[in-house]
1. If each residue's Cβ is checked for other Cβ atoms within 10 Å, how do Met88, Met76 rank with the fewest at the top?
2. Divide by every residue of the chain the summed helix terms, -39500 (n - 2.57) for each DSSP H run of at least 4, and state the resulting mean residue ellipticity at 222 nm, rounded to the nearest 500 deg cm²/dmol.
3. If I build a Gaussian network model for the chain, linking alpha-carbon pairs within less than 10 angstrom, which residue out of Ser308, Ser245, Ser368 has the largest mean-square fluctuation?
4. In a GNM of the chain with a 10 Å cut-off on Cα contacts, which of Asn391, Asn276, Asn54 has the highest mean-square fluctuation?
5. Obtain the nm distance between the two label points defined at Gln86 and Arg275 by a simple spin-label model: each point lies 7 Å from its Cα along the Cα-to-C-beta direction.
6. Among Cys120, Cys53, which comes first, second and so on when ranked by fewest other beta-carbon atoms within 10 Å?
7. Sequence neighbours fewer than 8 away in the same chain don't count; with that in mind, list the lysines whose C-alpha is under 18 Å from Lys59.
8. Tell me, what is the percent relative contact order of the stretch 194-345, built from C-alpha pairs under 8 Å that lie six or more residues apart?
Amino acid sequence: MSKVKDIVIVGGGAAGFFAASILSESLVGLKITILEKTSKVLSKVKVSGGGRCNVTNSKNSIGDFSKAYPRGKNQMKKMLKHFSNQDMVDWLEGKGVSMKVEEDGRIFPFSNSSQSIIDCFTTVCEDNDVELLTGMKVENIKQDEEVGFVLSTNKGDIGAKHVLVATGGFPSLGGYDFLADLDLNMIEPIPSLFTFNIPKSPLKFLQGLSVENARVKVLGTKLEEEGAVLVTHWGLSGPGILKLSAYGAKSLSERDYRFGIHINWLGNKSEDELRNELIDYKSNYPSRKVSKYQLFGLPKRLWDNLLSQSEISEGKIWSEVSKKSFNKLVENIYRMELAVDGKTTFKEEFVTCGGVDMGEIDVNTMQSKKYAGLYFAGEILNVDGITGGYNFQNAWSGAFIAAKNIIKENNDAE
């Protein structure tokens, strides 16, 4: 076979480039090749965090950090012990990329540009002679007694002693067909981070409005999350909704993304607390216009909308609010009911739940339990996190562990 490499990395994304960076700095002189099926590399890194690249999160406890993974929590605990979020920050800063922590715990490059991360990876790989082949679609991977593995691509066969699969996730099982001959246990992929479509929303004219600490519950389930909720022209988005979609990925898929939700616009405030505070306010300010002062720090546009839904006209004063309208207002603030009918994928951070079953992998090496020399890292595995830098950390940790084991295997063989 004319094309034989020492190491082939399938996928030119976050996990692939980070692994190539680690490998190329330690294994000088070996042929390390990245195969990318598209013409562009690191595309998700480029768009993450609104183009700023949310590299990871600052949670400093492995236990707390791992709770951000609806699938793969226990595996991530082990992976983070090998390579943590702080390890990633230290690695980048060691390459001259200054990092910063934002109030919500997300970590970004100080430049506020994902290009800083892209340039870091590509520079390390170029300086260490990593070969990048774009437009290379891997169609099949087979074990080979002579070279280790043979990868069939749209441009011919390539042999490799070590293979790291870091393609990212796919929207359907068909995307994983190139692994079919390996007979790995696969978990059917479904979307994990998505927004809610609400065609008949009474909030549709409030697009752009955000409430910081709303609590959203999916009716008929135990799914409930608190966080920022953003009103969009198609429904609801924001970290609170995305977190709910991640933890509820399987349950909501089974419902074909048609379900009811309750929103408590005040987060953890109880119905009794809300009712009593409104009673006190009504008693203390009977002649004050209800619409003049929005209560509980709610945005003015939302307050006006809540009043309208509660049949409280703009000029009405508190003493004129009927018991029926008062109860409606309590209901709309505490448990506004909305009907979700469909989803929209969160384009910045498309994530799949599913992929290669983690039971196929030794998380201490990221190596296949069936095939020595075959490794996996990143979203191709059945590990997914909520929004906030957690999915990239899965990529960094897995890529580092795989790279270090390949380095060890190579050194031991010398």
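1. Sorted ascending by nearby Cβ count, the order is Met88, Met76.
2. After summing the helix terms and dividing by residue count, I get -10000 deg cm²/dmol.
3. Maximum among the listed residues: Ser308.
4. Maximum fluctuation in the GNM of the chain, among the listed residues, is at Asn276.
5. Calculated label separation equals 4.9 nm.
6. Cys120, Cys53
7. Lys67, Lys73, Lys77, Lys78, Lys81, Lys100, Lys243
8. Answer for the stretch 194-345 is 31 percent.
Bear in mind these aren't lab numbers, they're just calculated from the coordinates by the rules spelled out. Just so it is clear, the structure is predicted and the values come from calculations on it, not from any experiment. Neighbour counts are summed over all protein chains in view; Cβ atoms, including those assigned to glycine, are modelled from backbone coordinates with ideal geometry.
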